[in-house]
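Everything below concerns the one structure shown next.
Quick note: the coordinates plus some simple rules give every number you see, no bench work behind them. None of the values given here were measured: they were computed from a predicted structure. Here the Cβ is made from the backbone with ideal geometry for all residues, glycine too, and neighbour counts use every protein chain on show.
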Amino acid sequence: MTRAASASALRSAEPPSWLKAYRDLPRSHGFEPMRVEGRLPEELKGTLVRVGPVIFGVGGRRYGHWFDGDGGVLAVRFAGGQAQGAARTIDTPSIRAERETGQVLYGNYGTHPPSLWRRLFGGRKNTANTSALAWNGRLFALVESTLPTELSLEDLSTLGETDLGGVVGPAFSAHPHAVMSRRASYNFGVRYGRVTQLDLYELPDAGPVRRLGSVPLPGPTLVHDFIATDHHLIFFVSPVRLRVFRVLLGLGSVSENLEWRPELGTEVLVVPIDAPAQVARFPAEPFHTWHFGNAFEDAGRLQVDYVRYPDFGTNQWLGEQLHGWASTEAQGRLHRATLDVKAGTFHSEQVSDRRCEFPIATPLRAGARHRYTYLAAHSGPDTWRGPQDVLVKVDMETGAETVVALGAGHHPSEPIFVPRAGGSAEDDGWLLVQTYDATSDRTYVAVLDAKAPEAGPVGRAWLEHAFPLTFHGTWVTAR
């Protein structure tokens, strides 16, 4: 059977059980006690915050891509071996406008604009649906196309969009990265125009955000993530190009107008944090990456861990998740790249053959050498059509993998590493994993010992309902 015939058969078959994870959030509520299964660590004190798409259409019209869903936030507070959970929709002005009119008012990543006028003059929709940032005692929901949205740490209510004192904008990526040695985080925004620019930002752990400068890009491309070391910001600019005029004329969505141009190759950008105008650029073979894990400096070279795709087909796979079928494979695999900036060379080696995403390392090693990477992954070659169904701990020195299945029909989101207070080993801490259980149609947060995740969760904190799969999150330590 051809892949097209296989996709057609899937569309007409019984919907898979995991498709229920892409339904609208059934209930918005504040913090409520959660049922605990097993035993939660007494020392775990703080709040897990997850952000993702939770409303998938308006006025009876379903959005065209998973990336278009209106944002929502899940928060789980841990203290004294107990947990409380809250689930809220995020209320940006553009989300509210569509909800009040009952119709699509904005073109979006995979959703067509309702009219040419709306596309040209209607402004951008802020879906606030990709990631959470905790910074300087404040909490933000992020999406890469526009401004941050501030949320209340007390009850998750929406406080409003912000340009952080007039410093950031018009876009602020959903993927800030910390560098522990600099006591700061870094981020970027893509600004389209006659020359597409990367706007670069520093967010000190104490103090106001600072604009570092701007770096021109090779064209109107898609930059979703980057990574940072002690002294550098690193970008892999894949050969994806946006057909801007077609988008402006309303001839298809952004997603439909992102063109894969392998003949252009991938461009590697290395930006010195202390001298951003002295950016180094050098070519690499064509590939795409959505997410990085960590990076560090090693004897004059840069080592970068990332999930690599051979092309941009995963964009179609991500959009088709909303419909319960896939005509292309999820092909991301963990790689480590070695960058020699002086020589202008790029070499990448595959670390794991497993289809995976959402690589993370302990935050205590952010920007520095690390040994362990944690992933959400697919358990086998026949499970790529749906969301990830196992967790994997990868030893980057030996290549050894520890695979953890949380249960049949259980689908984990990105793991979050919480270091154990006073711990000495790199993997001394906890993995917190939002998980959808398709068998019970409910969501829980699993807590695993990062040293021995194969033992399974030491505890699970259950919501009384399902929460849609989220993209990214953060840990907020209790004050």
- Message: How would region 356-479 be classified by its alpha-carbon gyration tensor: rounded, prolate or oblate, with rounded meaning a/c under 1.5 and the a/b versus b/c comparison settling the rest?
- Response: oblate
- Could you work out the local net charge near Ala79, counting Lys and Arg as +1, Asp and Glu as -1, over the other residues with Cβ closer than 13 Å to its Cβ? +1
- Message: Given an 8 Å cut-off on Cα distances and at least 6 residues of separation, report the relative contact order of region 354-417 as a percent.
- Response: 34
- Task: Decide, for the chain, between rounded, prolate and oblate: order the square roots of the alpha carbon gyration tensor eigenvalues as a ≥ b ≥ c, take rounded if a/c falls under 1.5, and otherwise choose prolate if a/b is larger than b/c, else oblate.
- Result: rounded
- Query: Using the 10 angstrom Cβ neighbour count as an exposure proxy, how do Glu32, Glu256 rank, fewest first?
  - Reply: Glu32, Glu256
